[in-house]
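The values are calculated or read from the model by the stated rules, or taken from the named source; none is laboratory data. Please read all numbers here as calculations on a predicted model, not as lab measurements. Ideal geometry is used to build each Cβ from the backbone, glycine not excepted, and the neighbour counts take in all protein chains shown. Surface areas here come from the heavy atoms of the whole protein model, side chains and all, with no ligands, DNA or RNA. Shrake-Rupley method; radii C 1.70, N 1.55, O 1.52, S 1.80 Å.
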Amino acid sequence: MNREQLVSDLSPFADIGEGAVKVTEQNGKFSVKMTRDGRILKLSIDRESGKVQCIWGTSAARNFASFPALLASEIFANLKRWSDAQRDLLLQEITSVQKLLPIHGISHERKSLKSIEEIDELLGTTERPSDSTEILLIDGPAGIGKTSLIEQLALRRAMQYKVNGRPLILHVKSRGRVLSNLLDLMAFSLQTIRSQITYDQIPILAKYGLVIIAIDGFDELADPNGYEMAWAQLEELVIFVRGKGALILAGRDTFLGRSRLLKDVPALREGTDLVNGLTLTPPTPEQAKDWLIRNNWTEANFAIPSISVLLEEDSFALRPVFLRTLAEHVKPKELKDKHERYLTPLLVNQMIRREAGLFGKPVEAIMSLPEREAFVLGFLCEVAREMADAQVEALDASEIGWIAEAALGGEKPSEITSLIRNRASVLAFFVNDERPGYKTFMHSYLLNYFLSIVAIEAIGRGDIPKFIRRNLVGSELLSVFSDTAAESAITSREAFNRFWEHASSMPNSYTNVDRGLRNTGA
């Protein structure tokens, strides 16, 4: 620590308009004078031992074992008060520890992690140089539980802070905002926990290992020109918190990965900085059932066919976002005589509503929530149709962007169109394909679900899509179509009636030059 660094670190804590922080050095000690909360604060810092003596106003002198201990005290950040407020807020939001969503993750070292305790140990337990930055990268598809995981980590740290003093977590949520300054997002997060700490003090507290900054939804921090600003500001933050600083970055695996992070943030020094990766995967069926039981379900519920099929291995419904929907919006006793088709629209529509709320304030100012939901549904249908017409199951991300622009229409401002194009390929419904840069639906059931909607609407207006005319319609699409059509007959009767009229009259007018008639008949 030198004089310039000390002035820089203490300046954000000094009262505005009361003069600069004054630091002098003599006989191996720093003497500091500043105004804090209307009172003169004097510090004497021993350079060799790091011990600090503090006199604040007319209060008696107090001694601290280190400069970080002083920053954590009620004289500066008052982190005990932070931990109490954060604990109470998170307990209220989560309702109870029993409702915490199940965790299933794999570290970049291929180690399976299934508890919050195991994941918490990934932070701050590995020795590293004193001038380094530690990063925990959490990636995975949308709805997999990244936000829930950070909330669980933050709650665990807040509840145990007075016992072990481990760094607290500031949960910085992007929520689709256009990134102009990471500090703006920090300020919003601090307001949420009613903290008296200001946004410009957080990087200082992070540098001294008192607070961990968790940026949730890093892939959503886009400007109309792309993600350059987000990467640039992340690099500045990585450099600023060097020392004992640690960051958590959470984003969708379609955008964020350990290799890309090391490539796009030149400030990260492999071998010096510590970068741990954690990829979240869907819970196992056993985890999902155990969690649902703790949320008032019973073993008998899992014998209902419409539920059991959704909780099989590799089902898209195993994702935490869908499990939460099942627990909060589905009453098992009402499903005894219902087919699984009843649940699919419920889960998909819930996911569409979630995605429609993540486009950010500029888009929200132009498009209402129903308009955004209609766009997301129409866009997904067009992507599914393009895949089926081309007889592929994945599209290049740039092509998905063009489809989004076409689905949006040309009447929106160019900056809004750019924002929506940027977000199109990272919607929750997509995952990375095996080919770099290509996206595919996270589950074939969803691809066929949207294709079924396309078929009903297109045939209803007399349009026979290319995938019906050219392709051999398989049993999986027919099975999903059967469910979707049955549901449409109840919820969208007018559209279904138009489909039925055109489909049933096709044998009288459609030739056998292609497979259109046979597929429609099937």
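When only the Cβ of Lys, Arg, Asp and Glu is charged (+1, +1, -1, -1), the dipole of region 1-157 relative to its Cα centre reaches about 380 debye. Centre-to-centre separation between the Cα atoms of region 470-505 and those of region 263-337: 30 Å. Projecting the Cα atoms of Gln350, Leu137, Ala303 onto the dipole axis of the chain, where Lys and Arg carry +1 and Asp and Glu carry -1 at the beta carbon, places Leu137 farthest toward the positive end.
For region 367-473, averaging the sequence separation of C-alpha pairs within contact (under 8 Å, six or more residues apart) and dividing by the residue count gives a relative contact order of 32 percent.
Take every pair of alpha-carbon atoms less than 8 Å apart whose residues are at least six positions apart; their mean separation over the length of the chain yields a relative contact order of 12 percent. From its DSSP helices (H runs of at least four residues, each -39,500 (n - 2.57)), the chain gives a residue-normalised ellipticity at 222 nm of -13500 deg cm²/dmol. When the Debye formula is applied to the Cα atoms of region 411-450, each taken as the same point scatterer, what base-10 log of I(q)/I(0) results at q = 0.33 Å⁻¹? Those come out to -1.04, one per q. Straightening the chain between Lys263 and Val309 buys 12.4 nm, computed as 0.36 nm per residue apart minus the Cα-Cα spacing.
Extension gain for Glu235 to Ala522 (0.36 nm times residue separation, less C-alpha to C-alpha distance): 97.7 nm.
Multiplying the residue separation of Ala65 and Glu371 by 0.36 nm and removing their Cα-Cα distance gives an extension gain of 104.4 nm.
Take region 57-137 with all the other protein chains still there, run a 1.4 Å probe, and you get 51 Å² of accessible area per residue. Spatially, region 390-441 and region 1-34 are offset by 51 Å when compared through their Cα centroids. Ligands, DNA and RNA left out, the 1.4 Å accessible surface of the chain is 49% carbon and sulfur atoms.
Sequentially through region 20-33, phi angles give Karplus couplings (6.51, -1.76, 1.60; θ = phi - 60°) of 6, 5, 10, 10, 10, 10, 7, 6, x, 10, 8, 10, 10, 9 Hz, Gly and Pro residues having no value and appearing as x. Work out the FRET efficiency for Ala390 and Asn497 from their Cβ-Cβ distance, taking R0 = 30 Å, and round it to the nearest 0.05. That gives a FRET efficiency of 0.45.
With every protein chain present, what is the per residue accessible area of region 322-432 (1.4 Å probe, Å²)? Heavy-atom SASA per residue in region 322-432 reads 44 Å².
Computed from point charges on the beta carbon alone (+1 for Lys and Arg, -1 for Asp and Glu), the dipole magnitude for the chain about its Cα centre is near 1300 Debye. From the alpha carbon centroid of region 104-150 to that of region 355-376 is 32 Å.
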